[in-house]
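The structure appears right after this line, and notes come after that.
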Amino acid sequence: MNKETIMETKVAGVPSRKRLVYFERWADPIAEEILNRESDIELVRLSLSDAPDKIWEALAGAHGYQWPRPPYRGSEDLIARSPKLLAMASQGSGCDVMDFPACNDAGVMIVNQAGLGGREAVASHAFAMMLGLSKQLIQSDRAMRRDRKWERLQFTGEDLTEQTVGIIGFGNIGTRTAELCRTAYRMTVLAYDPYLSAQEIESRGGHKVELDELLARSDFVSVHCPLTGDTRGMIGEREYRKMKPSAFFITTSRGGIHDEAALARVLTEGKLAGAGLDVWEEEPPPLDHPLLRFDNVVTSIHIAGVTRRAYRQCAEGAAVQWIDILRGKRPPRLVNPEVWPKYQQRYMRVMGQPLVA
């Protein structure tokens, strides 16, 4: 077969339309507006209430899968049943519903929307929890609504000025949280991130320390790392007891990184001043969850990244990134870059042509 015939065969094998599958809706309608302008992209909307046969049929023909949802996680089984799949994307930054080893082995990319709208929204939420806890806003609000058996000075707060914040995970969101703390209240920023050098952390406004030192020195500990095999269960009873009794624990990252039962025990003993929790092992947590009993625990329902602006920016970024992926370009927010050699082979097999240089 000569070169011209080979090229004709490849062109003939290129799908006329690339199928992008998603459940329910995008974070913002702007994504569909952008993607519907692309004549070679077919959007396939599914509902979790659809019959499994319909869902699996759609995934079997999908080139892209936006925001995998349980029970249709980005698992080894799903990849095996989706032979045309090139990439999966999260709605925000978290990718814990995707099986990284399975994706890497098969040549499937994982992408996210890190550095877009969620950066500002989540950092602001963590900062708001610091303020609410230090000023005892939740405690005084609950007391005011409950009875009149209290004295005003019971709710004496603390200023954030010149206190120390320890940030676990110094990526986009952790760095922005540090900036808010440093510029607004001249707080000292300690950072634990084994993937960043001391020089890189210094350039982002923090001081690199090991986890135990961060826990022992911080007035506020704020978690901003992803849920992975390495971080699951990272904050447990030992870590809480390393913290100062006057310190607050805050997390806006993912449930499963911190031990909820151990946190309840430590709070019961008065070994921590309080906690701010946006994420849970089970979401939403049951009404009788022990951590919901404490007035000094500020809770929210995984909404740190949920603002109108953040959702629009993430949806717009996701749509533009999908266009790049389906046209053979390397996406800007590739979470598993080690997949690239195998992905090139998979793309050639599925699309019948090489990637764009």
How many residues of the range 140-178 are part of a helix (DSSP H, G or I), out of contact with any Phe, Trp or Tyr (no Cβ under 6 Å at 6 or more places or on another chain) and more than 17 Å from ALA198 (Cα to Cα)? The answer is 12
Scanning the range 197-237 residue by residue, those in contact with a Lys or Arg (Cβ under 7 Å, 6 or more places away or on another chain) and under 22 Å from CYS95 (Cα atoms) turn out to be PRO226, LEU227
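So that you can scan it fast, the table gives a plain yes or no per residue for (1) in contact with a helix residue (DSSP H, G or I) (Cβ under 7 Å, 6 or more places away or on another chain); (2) closer than 27 Å to VAL97 by Cβ:
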position: GLU213; (1), (2): no, no
position: HIS224; (1), (2): yes, yes
position: THR231; (1), (2): no, yes
position: ILE235; (1), (2): no, yes
position: SER246; (1), (2): no, no
Check the range 334-343 and report whether any residue there is of a type outside the set (Asp, Glu), closer than 18 Å to VAL21 by Cβ and not in a strand (DSSP E or B). no
Inside the range 197-213, the number of residues satisfying the requirement of being more than 19 Å from ARG254 (Cβ to Cβ) and either in a loop (DSSP other than H, G, I, E, B) or of a type outside the set (D, E, K, R) (or both) is 11
### Message
within 30 Å of ARG217 (Cβ to Cβ) and either in contact with a helix residue (DSSP H, G or I) (Cβ under 7 Å, 6 or more places away or on another chain) or part of a loop (DSSP other than H, G, I, E, B) (or both): is that true of GLY305 in this structure?
### Response
yes
When restricted to VAL97, VAL108, the only residue surrounded by fewer than 21 Cβ atoms within 10 Å (Cβ to Cβ), of a type in the set (Val, Ile, Thr) and in contact with a strand residue (DSSP E or B) (Cβ under 9 Å, 6 or more places away or on another chain) is VAL97
Taking the range 347-357 and keeping residues within 14 Å of ARG327 (Cα to Cα) and not small (Gly, Ala, Ser) leaves TYR347, MET348, VAL350, MET351, GLN353, PRO354, LEU355, VAL356
Checklist entry - Of the residues that make up the range 268-286, is at least one assigned to a helix (DSSP H, G or I), farther than 18 Å from LEU227 by Cα and touching a Lys or Arg at 6+ places or on another chain (Cβ under 6 Å)? => result no
Apart from one, (1) touching a helix residue (DSSP H, G or I) at 6+ places or on another chain (Cβ under 8 Å); (2) in the same structural domain as GLY92 (by TED's automatic domain parsing); (3) surrounded by 15 or more Cβ atoms within 10 Å (Cβ to Cβ) all hold for PRO290; the odd one out is (2)
Q) Would a scan of the range 208-228 turn up a residue that is out of contact with any strand residue (DSSP E or B) (no Cβ under 8 Å at 6 or more places or on another chain), at pLDDT 95 or above, hydroxyl-bearing (Ser, Thr, Tyr) and surrounded by fewer than 19 Cβ atoms within 10 Å (Cβ to Cβ)? A) no
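The values are calculated or read from the model by the stated rules, or taken from the named source; none is laboratory data. Predicted model, so just to flag it, every value in this text is computed and none were measured. Cβ coordinates were reconstructed from backbone atoms using ideal geometry, including for glycine residues, and neighbour counts include every protein chain displayed.
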